[in-house]
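For reference, the structure discussed in these notes is given below.
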Amino acid sequence: MPVIVLEASDLTSPLSLVRMWALLSGCLTFSLVASLVPSELTSDTHQPSFRILCMFTWCLFFILTLLIHVVNIIQFHSLVPISWKNLTVTVAALATLMTLSATVTFPWAVMCHEGAWPRPITASFASCLTFLAYATEAYLIRNQTQDQKGYMASVPGLLKVLQLWGGCEMIVLVVEQVRGALVKVGLAAVGWQLWVSGAWYALCLLMSLGTVIVVLGDCAGRCPLPFDRLLAGFSLTGVLLYVVATILCFTRVLELQKRDQDLTDMKTGPTLVVMEAVMASITLLAYTVDLAFSIKLLRDRSHA
C-alpha cells in the first residue's frame, strides 16, 4: 500500500492557498443563499430559475475544486485518467466565468431590493470573493512554465472555455424565455426565431463540450480526422451559426422597441432578449477569434 507523504509546501503554495480561499468563500456563499427566507428574495417570476443557476454554479465548482485540491495534496495525479494540466486550468477558467455570472445575477435578479438584508448582501460579497479566487487561480496557472500547463491554458484553449460558458448561458436564457411565454400566453407565443436560436446554441454547446472532453481525455491522437482541421471546422460552424442567431436576437430586440416595451424591466421578457443578444455577440466574438487562430495554425503547418 503506497505511503502518502504530505509536505508543508503542498499546503502553502500560492495555488493551494487560492484554492482554499475559493473553497471557504464558495461554501459561505451557497450556505448563506440556502438559508434565505422568502422575504429576502425578490418576488420576480424569473427568480427561481436564476437562483437554481447560481446555486448550481457555486456547489458544482466547490465540489470540483475540493476534489482537485485533495488530489493535488495527496499527489495522485497519475491515477486520474485525464490530462491533469488541462483539467485544472479548465475548471479554474470556467469557474471564473460562471461565478462572475452568478455574482452579477444574484443581487440583480434573486435578492430582494426592498430594504438592506444582511444575509443576501453578505452572500453577494462572498460570491464576489469566490470569483476573485478563481480568477487568481486561473492567472497563476496561466503563468506557470510551459511544461506545467497544457493546451487549455493557451489562448485557443481559453477561447474554448469562453464558448462553453457562452453556450451554457444562452441555453438558460432561451429556456427561461420559453417558460415565460408558456406561462403567460402559451406555446403559440414562442416565435420561430427563438426555436432556431435555441437549436443553434445547443449544437454549438455540444461541439464545445465535445472538444473540451477530447482535450481533457488526451484523445486528440485517436481522432479519426486531423484534430486541428476538426477544430477549424467546429470554429467555422460556430461562427456561421452564431451570426444567424445574433441577427435573430437583434431582430427581436428591434421588434420589441417598435412595440414600445421597456427593455430594462427585469420583470418582463424583453430584458432576457437583450441579455441574449449581448451574450450571443460575446460568444460570436470568441468563435471568430478562435477561427482566426485555427486558420493560422493550419497555415503554419502547411508551410512547415
Open item on the list: Tell me the residue from Phe56, Phe61 that is open to solvent by 20 Å² or more (accessible area, probe 1.4 Å), in a helix (DSSP H, G or I) and modelled with pLDDT of 90 or more, please.
Closed with: Phe56
- [ ] Answer yes or no as to whether Leu173 is at pLDDT below 90, under 16 Å from the mean Cα position of the chain (by Cα), under 24 Å from Ser281 (Cα atoms) and not hydroxyl-bearing (Ser, Thr, Tyr).
- [x] yes
TODO: Output the qualifying pairs, or none if there are none: Cβ atoms under 6 angstrom, residues six or more apart or on different chains, first residue in the stretch 252-273 and on the phi > 0 side of the Ramachandran plot, second residue at pLDDT 70 or above and open to solvent by less than 30 Å² (accessible area, probe 1.4 Å).
DONE: none
Task: Residues that are of a type in the set (S, T, N, Q), farther than 19 Å from Gly217 by Cβ and not in a helix (DSSP H, G or I), drawn from the stretch 134-177 - done: Asn143, Gln144, Thr145, Gln146, Gln148
TODO: Evaluate the stretch 122-138: report whether one residue or more is within 15 Å of Val215 (Cβ to Cβ), among the aromatic types (Phe, Trp, Tyr) and open to solvent by 30 Å² or more (accessible area, probe 1.4 Å).
DONE: no
Task: Of all residues in the stretch 83-121 being modelled with pLDDT under 85 and outside any helix (DSSP H, G or I), the one that is most open to solvent (accessible area, probe 1.4 Å) - done: Glu114
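The values are calculated or read from the model by the stated rules, or taken from the named source; none is laboratory data. All of these numbers come straight from a predicted model, not from anything done at the bench. A quick note on method: Cβ atoms are made from the backbone with ideal geometry, for glycine too, and the neighbour counts reach across all protein chains shown. Accessible surface areas use protein heavy atoms only, side chains included; no ligands, DNA or RNA. Shrake-Rupley method; radii C 1.70, N 1.55, O 1.52, S 1.80 Å.
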